[in-house]
Every structure is written in C-alpha cells, then in structure tokens.
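These notes concern the structure reproduced below.
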Amino acid sequence: MTNNIYFIANWKMYGSTSSINSLNKLINLSKLKKYSKAKIIYLPPFTLLDAFNRKFKRTKISIGGQNCHHIQDYGSFTGSISPKMLKDLGCKFVILGHSENRMVGETDADVNNKIRSALNKNLKIIFCIGETFAEKKKKITHSVLNRQINKGLKGVKNYNNILIAYEPVWSIGTGVIPKEKELEFNIAKIKKILSKKTKNKLPILYGGSVNNKNISNLINIRGINGFLVGSASQNTKKFIDIIKKTIN
Ligand code: PGA
C-alpha cells in the first residue's frame with residue numbers, strides 16, 4: 001500500500017469517559033515518522049466526542065461522528081445531531097450509510113440527504129456500502145453496490161471529501177471475512193461504478209471483522225486504502241497492532 005492508509009476506529013455504542021485513558025500509546029505511535037502515512041480517525045459515540053477532541057489536540061488523529069441529521073444547522077429534532085454540531089465539536093468526519101443504521105430503516109435517499117448536507121458543512125464522509133448475506137447468496141452483490149453508490153451519491157458534485165467503506169454486512173461482527181478473490185473482485189467493481197461518476201480516485205476501505213490476526217492477509221488485497229475497524233478498535237492494543245502490521 002502506498003500513499004495514505006486509513007485506520008478508522010468505529011466505537012459504535014461503546015466507551016465511557018474513562019476510555020480515553022487507553023489512548024496514550026496510540027497517540028505516541030501516531031507521532032512517529034514511520035507511521036506518518038497512517039491517517040487515524042476515531043468515531044466515538046456522540047457523548048465522548050468532546051473528550052476525544054481534547055485528548056487528540058496537538059496530534060494528527062481526527063475524530064468523526066457516527067451519524068448526523070440531514071438538516072445542516074439547527075432544528076426541532078429531539079435526539080438528533082446536525083453536521084454543524086459535529087463541526088462545532090471538532091469533527092472532521094462523519095460515517096454515513098452504516099448497515100446498522102440501514103437495518104433500522106435508513107434508506108438510500110436518507111443517506112444521500114445526509115451526505116449532501118454534511119458535505120455542505122465541509123465534513124468528510126465515510127460512506128458505507130455492502131451487501132447482506134441474502135443478497136450475496138442471490139448473487140446480486142454488484143447490483144446492490146451499484147444502487148447504493150448511485151442513490152447515495154446522487155447530486156454530489158465534489159468528490160474530494162468522500163471515502164468509501166466497503167463492508168459486507170455478513171462480515172460485520174461475525175469473525176468471517178470475504179475470500180481474497182471475492183474482495184478484490186468487489187473492490188474492482190466499486191471502482192468501476194465510481195469511475196462513471198468522477199475522475200477522482202476515492203480511497204476505498206474494507207470493514208468487517210478486521211482484527212490483529214487477519215490483518216496480515218487483508219493487507220495483501222489489491223486496491224484497499226485502509227480499514228474500518230469496529231470491535232477490535234475498542235481495544236487500543238489490538239488497534240495499534242493492526243496499524244503496526246499494516247505499516248511494517
Ligand atoms: P466489526 O465492525 O469490525 O466489529 O466487524 C465493523 C463496522 O461495523 O464498522
């Protein structure tokens with residue numbers, strides 16, 4: 001892997017105010033020249049964004065939100081967080097279209113509205129796509145990816161701030177990762193779909209059960225620019241190990 005390599009820690013609904021104590025070793029690692037290609041991004045729950053922002057001050061580690069409302073600024077939407085609020089807390093990123101949100105009703109159109117709104121507020125988007133196990137079995141993976149990309153990015157004109165996270169839903173939290181050939185094939189397909197929309201080469205990340213053991217195989221997959229790590233990222237030792245094994 002050349003250029004920047006992304007390591008995204010998606011903490012989901014985990015972590016407490018004491019969790020930030022575990023991050024010192026990671027901060028030290030991020031300052032080493034050897035790891036300057038590593039773009040480390042933390043996505044803690046909303047409740048911890050401010051603490052993480054303070055902790056990562058004067059480091060190159062960025063933070064991002066785990067979702068946002070499609071209204072950019074303010075509004076009467078109890079329980080929601082807007083792109084403006086994420087910016088206010090120091091976020092540079094927001095992850096959108098995660099399958100855990102799609103599963104509870106978020107549609108391609110919802111994801112599209114949120115993406116356009118967050119881009120307008122100068123947030124960088126980690127745009128998640130991926131097929132379910134049933135879709136894979138039906139051999140419709142590529143049409144699913146095509147639909148998610150085209151509907152999710154409808155009306156987007158500037159692709160400078162978009163990263164794609166390919167996460168097969170059947171791989172998230174299951175310990176099962178796609179076979180090398182399948183993953184390379186799907187990533188090539190994603191690139192082809194994107195090439196019809198933009199000349200930009202968007203970073204493509206893989207997510208789904210990435211850990212400090214299978215990372216040694218995943219780094220050999222062609223076309224990957226980084227990893228979106230869920231449960232293994234909540235253990236800072238394991239997350240550091242993933243970074244070290246990728247950049248050695
Ligand atoms: P996992 O989660 O690494 O625990 O499979 C990945 C994700 O949902 O982003």
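Against the condition in contact with a helix residue (DSSP H, G or I) (Cβ under 9 Å, 6 or more places away or on another chain) and either open to solvent by 30 Å² or more (accessible area, probe 1.4 Å) or hydroxyl-bearing (S, T, Y) (or both), how does T236 come out, does it pass? Yes; evaluated as a whole, the condition is true for this residue. Let me spell it out: the conditions are (1) on the phi > 0 side of the Ramachandran plot; (2) buried (at least 23 other Cβ atoms within 10 Å of the Cβ), and K114 meets all of them except one. Which number is the exception? (1) is the only condition that K114 fails.
Listed here are the residues, each with its yes/no results for (1) under 22 Å from F93 (Cα atoms); (2) among the β-branched types (V, I, T); (3) within 15 Å of the ligand (Cβ to nearest atom).
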site: K151; (1), (2), (3): yes, no, no
site: S195; (1), (2), (3): no, no, no
site: P203; (1), (2), (3): yes, no, no
site: L218; (1), (2), (3): no, no, yes
site: I221; (1), (2), (3): no, yes, no
site: G226; (1), (2), (3): yes, no, yes
site: D241; (1), (2), (3): no, no, yes
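Quickly run through the stretch 1-21 and pick out the residues that are more than 16 Å from the ligand (Cβ to nearest atom) and either open to solvent by 80 Å² or more (accessible area, probe 1.4 Å) or more than 21 Å from G173 (Cβ to Cβ) (or both). Result: M1, T2, N3, N4, I5, T17, S18, I20, N21. With respect to the conditions (1) small (G, A, S); (2) at pLDDT below 95; (3) open to solvent by 40 Å² or more (accessible area, probe 1.4 Å), G75 falls short on a single one, namely (2).
Taking each residue of the stretch 209-231 that is outside any loop (DSSP other than H, G, I, E, B) and open to solvent by less than 50 Å² (accessible area, probe 1.4 Å) and looking for partners that are more than 12 Å from the ligand (Cβ to nearest atom) and of a type in the set (K, R) with beta-carbon atoms closer than 8 Å, six or more apart or interchain, yields I215/K245; G226/K39.
When residues in the stretch 130-144 are screened for being within 19 Å of S195 (Cα to Cα) and surrounded by fewer than 23 Cβ atoms within 10 Å (Cβ to Cβ), 4 of them pass. The requirement of being within 16 Å of the ligand (Cβ to nearest atom) and surrounded by fewer than 20 Cβ atoms within 10 Å (Cβ to Cβ) is not satisfied by F127.
The values are calculated or read from the model by the stated rules, or taken from the named source; none is laboratory data. Computed from a prediction, not measured in an experiment: that's the story for all the values here. Cβ: placed from backbone, ideal geometry, glycine included. Neighbour counts: every protein chain shown. Quick note on the areas: whole protein, heavy atoms, side chains included, nothing else; ligands and nucleic acids left out. Shrake-Rupley method; radii C 1.70, N 1.55, O 1.52, S 1.80 Å.
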